[in-house]
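To keep things clear, I will list the structure first and then write my remarks on it.
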Ligand SMILES: Cc1cc2nc3c(=O)[nH]c(=O)nc-3n(C[C@H](O)[C@H](O)[C@H](O)COP(=O)(O)OP(=O)(O)OC[C@H]3O[C@@H](n4cnc5c(N)ncnc54)[C@H](O)[C@@H]3O)c2cc1C
């Protein structure tokens with residue numbers, strides 16, 4: 001068994017884990033981020049999504065969270 005020390009370990013390679021890993025490595029500059037999952041990335045729930053999103057929610061925290069997420073998506077769309 002090989003043992004090594006990572007600076008961050010993300011458990012689960014669904015969209016939440018892939019996003020967390022991207023933001024740690026590419027946006028926050030954390031090097032040596034390790035993702036662990038017995039399955040291939042995005043192969044459990046995240047590849048089944050209809051890929052719709054909304055910022056209608058009945059409470060302010062969720063509206064704020066979604067607005068920030070939509071801003072991040074739009075930034076990425078412009079970058080790419
Ligand atoms: C048919 C369908 C349509 C949908 N449509 C939409 C939509 O239009 N809009 C929307 O916002 N959402 C939609 N969703 C919901 C959305 O797809 C999920 O909320 C989202 O994909 C969940 O992502 P996740 O990363 O949390 O989980 P997952 O994609 O399920 O990933 C979890 C990962 O963790 C791994 N894991 C679990 N336990 C361990 C462990 N102990 N160690 C290591 N790895 C582990 C699993 O193998 C898996 O790869 C839809 C869902 C379905 C099923």
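Throughout, read-outs are computed from the coordinates displayed, never taken from laboratory work. If you're wondering where the values come from, they're calculated on a predicted model, not measured in any experiment. A quick note on method: Cβ atoms are made from the backbone with ideal geometry, for glycine too, and the neighbour counts reach across all protein chains shown.
Observations on the structure shown:
- Value at 222 nm in deg cm²/dmol, rounded to 500, when DSSP H runs of n ≥ 4 in the chain each add -39,500 (n - 2.57): -11500 deg cm²/dmol
- Calculated SAXS-style log₁₀ I(q)/I(0) at q = 0.14 Å⁻¹ - the chain, Debye, Cα scatterers: -0.63
- Relative packing of peptides 63-69, 10-16 - highest average C-beta neighbours within 10 Å first: 10-16, 63-69
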